[in-house]
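Read through the structure below, which is laid out as structure tokens, and then see the notes.
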Amino acid sequence: MKRIASLVAALIAGVTFTGASVAQDGGTLKKIRDTGVVKIGNRDASIPFSYLDDKQQPVGYGVDICLKVVDAIKANLKMPNLKVEFVPVTSQTRIPVLTGGNIDLECGSTTNSVERQKQVAFAPTYFVTGTKIIVKKDAGIKGYDDLKGKAVVFTQGTTNERAMKAYNDEKKLGINFIPAKDHAESFLAVETGRAVAFPMDDIILYGLKANARNPDDFLVVGEFLSDDPYGIMMRRDDTEFKKLVDGVVAGLYKSGEINKIYAKWFQSKIPPKGVNLGFAMSDALKEAIKNPNDTGVGPCGRMKC
Amino acid sequence: MFSQFDFDVIQRSLPFLWQGMLFSLGLTLLAMVGGIVLGTVLALMRLSPYKIISMPAGGYVNLLRATPLILVIFWFYFLLPILMKKITGNPYATGLGPFYSALITFTLFEAAYYCEIIRAGIQSVPRGQVGAAYALGLTYPQAMAQVVLPQAFRNMIPILLTQSIILFQDTSLVYVVGLTDFMGAAAKTAQRDGRLVEMYLFAALVYFMLCFGASYVVKRLQARYNVGRI
Amino acid sequence: MDFSVFLQPAFSGGGVYLDWIYSGIKWTLLVSILAWIIAFSVGSVLGVLRTTPLAWLRVPATIYVEVFRNVPLLVQMFIWYFVLPELVPKDFGKWLKTGLPMPEFTNAVLCLGFYTASRVAEQVRSGIQSIPRGQTAAALAMGLTLPQVYRHVLLPMGYRIIIPPLTSEFLNIFKNSSIALTIGVLELTAQARQISEYTFKTFEAFTLATVVYIIITLTVVFIMRRLEARVRVPGYIGMQGK
């Protein structure tokens with residue numbers, strides 16, 4: 001009994017201790033000035049937004065844009081020697097790691113959603129995509145309804161997971177879902193035949209396919225199951241910092257520099273294998289560049305619910 | 001598709017794997033030192049005759065020993081920052097980075113296990129020794145520091161080291177929050193290049209050689225100490 | 001803090017978030033218990049083999065124990081799940097990945113079971129070795145064969161002595177079952193993580209999971225203490241200084 005009593009005591013102590021609400025953060029810029037470091041969350045396999053190249057360094061479209069933000073922070077704080085530190089995050093960890101203060105910016109493939117905006121803030125949309133599935137060519141899957149009763153792998157913590165599950169519930173497909181930690185692992189589940197499909201933002205699927213050992217074995221199929229506008233993620237309620245980041249992104253759009261960065265990652269050879277995704281800028285992205293905005297998708301996974 | 005294996009992938013990624021190994025080894029060594037220090041404090045608290053001191057320590061130890069390590073890693077990785085903010089009032093107290101977050105987690109977690117080993121070790125020192133120390137006019141802290149703990153630690157070294165080998169194996173679990181320890185580095189390379197078979201077998205081999213070698217050394221050490229004691 | 005979150009309708013699958021916790025508990029217990037059956041039986045055999053006077057039985061058992069003890073469980077989990085199907089003949093590998101019912105679950109059970117078997121083996125061995133040699137000698141002198149000595153003398157004593165360490169091995173399996181989440185088994189820890197992801201109520205989700213782990217641990221400890229008291233050999237365990 002003594003043991004139980006001490007356990008209960010420890011539990012109660014723990015509860016009252018940690019039960020506080022999240023403290024309102026202020027001054028990411030102040031933190032960066034004090035520590036001399038900007039911490040950027042990077043992904044393992046969000047090709048071509050944020051992934052590891054052949055030297056295991058984080059690179060990508062999102063990383064480049066974040067580095068532009070870092071330049072602006074350097075100028076703003078008059079600290080030309082500011083250090084940049086990359087912290088690996090996954091779809092699951094990115095939000096708690098950001099709100100916890102372990103990273104200041106996340107420049108990967110994070111969908112700006114109204115739900116996530118309750119936790120974090122987003123810079124203006126820098127890419128527009130949506131959920132599709134990747135399948136093996138010889139699997140004979142033409143669309144979502146062919147997935148009935150099959151194994152489907154998803155990356156935990158993504159909007160695509162929700163879109164696919166909602167569709168499964170709605171159509172009563174009885175899909176057998178397999179969770180995976182990150183996109184590379186999910187893709188491998190399809191490659192090795194463990195799952196027949198992987199729902200993900202189409203652009204990421206094209207990136208994974210292009211870098212696969214046998215790209216021709218795979219097909220990206222389906223209509224968009226959800227809308228997914230990507231944005232740089234930062235902490236909420238930090239108007240000063242958000243203004244700076246928003247300004248940098250809008251500046252890239254206004255000056256047209258975004259076109260160069262876009263071409264570098266979507267229309268040229270990219271590491272590690274030197275493939276060219278050959279992905280022209282969509283009308284939706286052109287629109288987002290013309291009118292920079294941080295509107296998120298609604299709870300139904302669409303821009304208009 | 002894996003019909004031809006490509007073991008070159010290991011050689012290509014050696015520098016990255018080495019960095020991961022440094023993370024794992026550093027984490028193990030520092031968490032071991034921190035865990036043993038904190039574990040000693042907890043053990044002394046648990047042995048205190050005052051309930052107000054022994055109960056919290058007992059609660060802490062039993063709580064952590066009843067919780068899976070993965071859940072503890074999640075607790076600390078996701079909720080420690082919020083707790084730190086609350087305590088220090090500094091919203092960025094844990095701009096700590098992944099290494100130090102992991103270090104705190106493993107130190108606090110392993111301390112519970114070290115505590116039980118150390119407690120048993122202290123209890124194995126004959127009571128007469130404490131009595132003798134008091135008779136010589138030593139205070140409680142002096143008796144502990146100069147008489148009991150040195151003997152206790154001498155007896156416990158093999159078990160503490162064995163626990164540290166388990167700690168080294170446990171550090172691979174930082175994989176679940178995406179950090180790049182040795183296992184994380186192996187998994188990231190494996191997944192990027194689609195070389196799961198080669199990398200995971202290599203990781204298993206490396207862990208085996210290190211842990212087997214270390215346990216062998218511990219066994220030799222134990223044999224020597226045993227002879228010394230007889 | 002808002003624990004009412006568990007009564008909110010869950011995102012998927014009908015029901016409320018509490019149902020996810022129930023399902024997590026179910027899988028945690030299933031993995032633990034099935035793995036324990038493997039660990040106990042395989043571990044007992046290995047432990048016995050390690051104490052036999054016959055080297056050709058002892059050596060393989062020793063190698064097994066050393067290999068399974070010195071590779072992290074996470075790595076073993078990945079080898080069962082990701083590596084094994086690629087090393088066996090292609091058709092069998094394909095069956096392992098898709099034909100096998102609930103491949104993640106099955107792999108997790110096998111992995112945990114065979115891993116813990118190495119630890120159980122060590123406990124069984126030390127239990128048998130703690131029995132005074134005189135008992136074996138006496139039994140052999142009475143004309144019992146070696147298998148009979150194990151059956152009637154060493155094992156009944158040995159198992160009683162090692163009930164406490166076996167209890168902690170079971171609790172280890174129970175805690176280690178959370179590692180199954182790395183290959184996609186939605187056990188209790190994974191469900192807590194998933195709820196925190198869907199609701200952002202991280203604190204509440206982890207607290208509930210932790211409380212459940214503690215309650216189950218305490219229940220197991222309580223039952224095993226009762227069992228230990230019932231089968232105690234009078235005067236024997238006291239001799240061990242316990």
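Values quoted throughout were computed directly from the atomic coordinates according to the rules given, and no laboratory measurement underlies them. What you see is a predicted model; the values in this text were computed from it and never measured. We place every Cβ from the backbone using ideal geometry, glycine too, and count neighbours over all the protein chains shown.
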Given springs between every Cα pair under 10 Å in a Gaussian network model of chain C, which of C:34, C:227, C:110 has the largest fluctuation? C:227
Cα centroid separation, segment C:32-90 to segment B:125-144 (Å): 47 Å
Counting other chain Cβ atoms within 10 Å of each Cβ in C:92-104 and taking the mean gives 2
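Rounded, prolate or oblate: which one fits chain A, using the alpha carbon gyration tensor with axes a ≥ b ≥ c (rounded when a/c is under 1.5, else prolate when a/b beats b/c, else oblate)? Don't skip to the end; give the middle numbers.
Values: a/c = 1.73, a/b = 1.11, b/c = 1.56.
Verdict is oblate for chain A.
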Selected from A:35, A:111, A:93 as most flexible by GNM, with chain A as the system and alpha-carbon contacts under 10 Å: A:35
In the protein assembly as shown, if the dipole is taken from +1 on Lys/Arg beta carbons and -1 on Asp/Glu beta carbons about the Cα centre, which of A:37, A:139, A:261 is farthest to the positive end? A:37
Of B:180, B:144, B:168, which is farthest on the positive side of the dipole of segment B:35-191, counting Cα position, with +1 on Lys and Arg Cβ, -1 on Asp and Glu Cβ, and the Cα centre as origin? B:144
Considering only DSSP states other than H, G, I, E and B, which chymotrypsin sites (Phe, Trp or Tyr not before Pro) in segment A:204-268 qualify as loop sites with at most 11 other Cβ atoms within 10 Å? none
Could you list C:152, A:183 so that the one with the fewest beta carbons within 10 Å of its beta carbon is first and the one with the most is last? C:152, A:183
Which cross-chain or sequence-distant (5 or more) residues have an amide H under 5 Å from the amide H of residue A:178, H modelled 1.01 Å from N in plane? A:152, A:153, A:154
Whole percent per 5 Å bin, from 0 to the bin with the longest distance: what is P(r) over all C-alpha pairs of segment A:169-305? 2, 7, 13, 17, 18, 17, 13, 8, 4, 1
Between residue A:236 and residues 5 or more places away or on another chain, the pairs with built amide H atoms under 5 Å apart involve A:121
Percent of Cα pairs exceeding the 37 Å cut-off, where the set is the protein assembly as shown: 45 percent
What does the structure give for C:59-71 when I average, per residue, the other chain Cβ atoms found within 10 Å of the residue Cβ? 3
Divide by every residue of the protein assembly as shown the summed helix terms, -39500 (n - 2.57) for each DSSP H run of at least 4, and state the resulting mean residue ellipticity at 222 nm, rounded to the nearest 500 deg cm²/dmol. -19000 deg cm²/dmol
What average number of partner chain Cβ atoms lie no more than 10 Å from the Cβ of the residues making up B:181-193? 5
May I ask for the distance between the Cα centers of segment A:176-223 and segment C:175-211, given as a whole number of Å? 25 Å
Neighbour-count order for B:211, A:300, fewest beta carbons within 10 angstrom listed first: A:300, B:211
Using 17 Å as the cut-off for backbone N distance, which residues of segment C:110-154 belong to the label zone defined by a point 7 Å from the Cα of residue B:162 along Cα→Cβ? C:116-131
Mean separation of Cα pairs under 8 Å and 6+ residues apart, divided by the residue count of chain A: what relative contact order is that in percent? 25 percent
Work out the length of the dipole vector of chain B about its Cα centre, built from +1 on the beta-carbon of each Lys and Arg and -1 on the beta-carbon of each Asp and Glu, and round it to the nearest 20 debye. 740 debye
Spelling out what I want: for every residue of segment B:132-141, take phi, set θ = phi - 60°, compute 6.51 cos²θ - 1.76 cosθ + 1.60 (Karplus), and round to whole Hz; glycine and proline get x. 4, 4, 4, 4, 7, x, 6, 7, 4, x
If amide H atoms are modeled at 1.01 Å from N in the peptide plane, then the residues at a separation of 5 or more from residue A:41, or on another chain, having amide H under 5 Å from its own are A:87, A:104, A:105, A:106, A:107
Dipole magnitude (debye, nearest 20) for the protein assembly as shown, charges at Cβ of Lys, Arg, Asp, Glu: 2280 debye
Working out 0.36 nm times the residue gap between residue C:215 and residue C:67, then minus their Cα-Cα distance, what length gain in nm do you get to one decimal? 50.0 nm
Taking A:200, B:84, C:77, C:224 and counting other C-beta atoms within 10 Å, the order from fewest to most: C:224, B:84, C:77, A:200
Please check: in the Gaussian network model of chain C (C-alpha springs, under 10 Å), which one of C:113, C:127, C:143 has the largest mean-square fluctuation. C:143
About its Cα centre, what dipole magnitude does segment A:113-270 give when the only charges are +1 on Lys and Arg Cβ and -1 on Asp and Glu Cβ, stated in debye to the nearest 20? 140 debye
Output the antiparallel fraction of DSSP beta bridges having both residues in chain A, as a percent to the nearest 5. 60 percent
Stokes-Einstein translational diffusion, segment B:26-92 - Kirkwood Rh over all Cα pairs, 1.306 mPa s, 10 °C, in µm²/s: 115 µm²/s
How far is it, in nm, from the label point at residue C:225 to the one at residue A:34 when both lie 7 Å from their Cα along the line to the Cβ? 4.7 nm
Could you work out how far apart the two model spin labels at residue C:135 and residue A:216 are, taking each label as a point 7 Å from the Cα in the direction of the beta carbon, and quote it in nm? 7.1 nm
Which residue, chosen from A:241, A:280, C:164, occupies the Cα position most advanced towards the positive end of the dipole of the protein assembly as shown, where the dipole is computed from +1 (Lys, Arg) and -1 (Asp, Glu) charges on Cβ about the Cα centre? C:164
Positive minus negative residues near residue B:200 (Lys, Arg vs Asp, Glu; Cβ under 13 Å): -2
Residues of segment A:153-168 with backbone N under 19 Å of the label point set 7 Å from the Cα of residue A:119 along Cα→Cβ are A:154-166
